Amino acid sequence: MLVPFFSYIARKNRRRLLGKNRKNSPPILTIVALNSELFRGDLEILEERGFKVFPIPVFWQWQLVHCFYAKELTSTSDIVVRWFGRKACEDTTASAFALQGFLSRFLPQLYRSFKCDLLIHANFRHLPDLDWLAANEKLAHPSVLLFRELLAVDKRSFDGVVNRTRLNGKSFGSVAVVGNERIKEALERSGVFPPGNVVALGSLRMAKFGTTLQQKENDRIQNRKKQFTVVMFYQPPRFKGRRMPSFVQQHDDTLKVFVEIAKRHPEYQIIIKPKIEHLSGTKNSVKGLDFQELRRHGWDSSITNLYIQSAVDAQTLISRSDVVIGFLSTGVLEAAVAGKTVVVPFFEEFRLSPCSADYPLLTFLPYVDVATGKEHLKELIEGNASRKVIDSALMAKRSEFFERYVSPLDQGVCSAIENCLIRVSGCGVTSSAARLK
């Protein structure tokens, strides 16, 4: 398994292994990034700023896990709880110790080969990361958690972050960097992180979005095509992990509206943006999204202006869009602060159900258009084809909400996180190469 792993690294990272970064200058730091697909945008920004980043794909991490864990064990829903010892399971403990023992021997060689100064990761609840992080901690190699969970708007979502963190009972990383004070408070309240180990510096990706927002909008206006573009951030037919009839109906009706509008307006460009795990055939797909699924909602091959685009960067799609549709995605918040018309499907049947009180963005709804049903959603999309301008008072409220619950939008965020990574790595004091000798 290690031979193809190193082959992959050599093939995909030839430029990095030769010691070059995007600026063709010595890197500020050399970083290994676990589960790199989770925060690809952040890693690209670090590379742009002069860091050398070795992204470790989660596919290879799973290959390593399956060398030590039985597949039937890793497929259980409570495997992470078992790993943290919150539920007795001798098989999990034995597998974890065996993998950590291997990694304790393997990682010093890997880090030395890469001249790695720092390990970074995006969460602490994913099994492929846990044994690597535990072994890394035993080696006393510096690491940073760039925490990807940004939203804790209402009390329920705030308590959810606290309880999920507390359930694990252990943290990894010399420092946890979070996007806002609200998430910092939630992690600190869990009691899992040592005092002073959580810092609210903002989000790299969101800060970069803020600095390039106006430039992208100016470019879009100058190069505007006549084509009216609608983007939807796809939400699978589950809410809070459950399939509720009112939410499933809202999901299906929203897709039907997209198909109907694409058919009725061939001059429109209709884009559905799912996460990769929401596509058909992926491991975590609840209900795979593909054109076969859309066929169930009226799509046929004569409709050529409707696209499913999972690989395109969300912020790029937002900059190209005229209307953005979404329900539970930071994409709708980004679109709002970008001055786009944002429509949230919050249909009457779902609103009247008890579970609607659990919707974490209720306080955000006054700042966007809310569709109360299928026909209303059509009206809101078609009615915005004239590309209305959002007034300055509403934009100020959107920006205030975004900076409070997501991240500041200024360039100082990138510098603050960069300085934090350098400080934690110990570069200038003790190099990683010396630590690993």
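The values are calculated or read from the model by the stated rules, or taken from the named source; none is laboratory data. For clarity, every value in this text was computed on a predicted model and none was experimentally measured. As a convention, Cβ positions derive from the backbone with ideal geometry for all residues, glycine included, and neighbour counts pool all protein chains shown.
Quick grid of which residues meet (1) under 29 Å from C414 (Cα atoms); (2) of a type in the set (F, W, Y); (3) in contact with a Gly (Cβ under 6 Å, 6 or more places away or on another chain):
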| residue | (1), (2), (3) |
| --- | --- |
| F39 | yes, yes, no |
| F51 | yes, yes, no |
| F54 | yes, yes, no |
| C67 | no, no, no |
| K71 | no, no, no |
| Q109 | no, no, no |
| R112 | yes, no, no |
| L118 | yes, no, no |
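Tally the residues that are acidic (D, E) and crowded, with 23+ Cβ neighbours inside 10 Å, restricting the search to region 314-341.
Pass one, region 314-341, residues acidic (D, E): 322, 334.
Still in the list and also crowded, with 23+ Cβ neighbours inside 10 Å: 334.
So the answer is 1.
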- Message: Please go through region 259-298 and give me each residue that is modelled with pLDDT of 85 or more, of a type outside the set (K, R) and more than 20 Å from F239 (Cβ to Cβ), ordered by number.
- Response: V259, E260, I261, A262, H265, P266, E267, Y268, Q269, I270, I271
- Task: Take region 373-415 and flag every residue that is buried (at least 16 other Cβ atoms within 10 Å of the Cβ), more than 24 Å from V259 (Cβ to Cβ) and of a type outside the set (S, T, Y).
- Result: I390, M395, R398, F401, F402, E403, V406, P408, L409, V413, C414
- Message: Restricting to region 323-376, count the residues that are closer than 24 Å to S407 by Cα and basic (K, R).
- Response: 1
- Message: Residues that are at pLDDT below 90, over 22 Å from the mean Cα position of the chain (by Cα) and of a type outside the set (V, I, T): does region 162-169 have at least one?
- Response: yes
- Message: Being at pLDDT below 85 and within 20 Å of V144 (Cα to Cα): is that true of F84 here?
- Response: yes
- Message: Could you tell me how many of the residues in region 335-372 are without any contact (Cβ under 8 Å) to a residue 12 or more places away in the chain and under 16 Å from V257 (Cα atoms)?
- Response: 0
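Tell me whether region 28-45 contains one or more residues that are assigned to a loop (DSSP other than H, G, I, E, B) and modelled with pLDDT under 90. Show your work before the answer.
As a first pass, look at region 28-45 and keep what is assigned to a loop (DSSP other than H, G, I, E, B): 28-29, 34-35.
Subset that is modelled with pLDDT under 90: 28.
Yes, region 28-45 contains at least one residue that is assigned to a loop (DSSP other than H, G, I, E, B) and modelled with pLDDT under 90.
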- Of (1) crowded, with 18+ Cβ neighbours inside 10 Å; (2) modelled with pLDDT under 90; (3) within 20 Å of the chain's Cα centre (by Cα), S174 fails just (3)
- Residues that are free of Cβ contacts under 8 Å to residues at least 60 places away in the same chain and either assigned to a helix (DSSP H, G or I) or more than 23 Å from V153 (Cβ to Cβ) (or both), drawn from region 374-390: E375, H376, E379, L380, G383, S386, K388, V389
- Residue by residue through region 52-86, note down the ones that are over 22 Å from the mean Cα position of the chain (by Cα), of a type outside the set (S, T, N, Q) and more than 17 Å from F124 (Cβ to Cβ). L64, H66, C67, F68, Y69, A70, K71, E72, L73
- Take the residues in region 183-208 that are of a type in the set (D, E, K, R) and modelled with pLDDT under 90, then tell me which one is surrounded by the fewest Cβ atoms within 10 Å (Cβ to Cβ). K208
- Check whether at least one residue in region 105-112 is closer than 13 Å to A134 by Cβ and touching a helix residue (DSSP H, G or I) at 6+ places or on another chain (Cβ under 8 Å), and report yes or no. yes
- Query: Can you tell me which residues in region 82-118 are part of a helix (DSSP H, G or I), buried (at least 18 other Cβ atoms within 10 Å of the Cβ) and among the charged types (D, E, K, R)?
  - Reply: R82
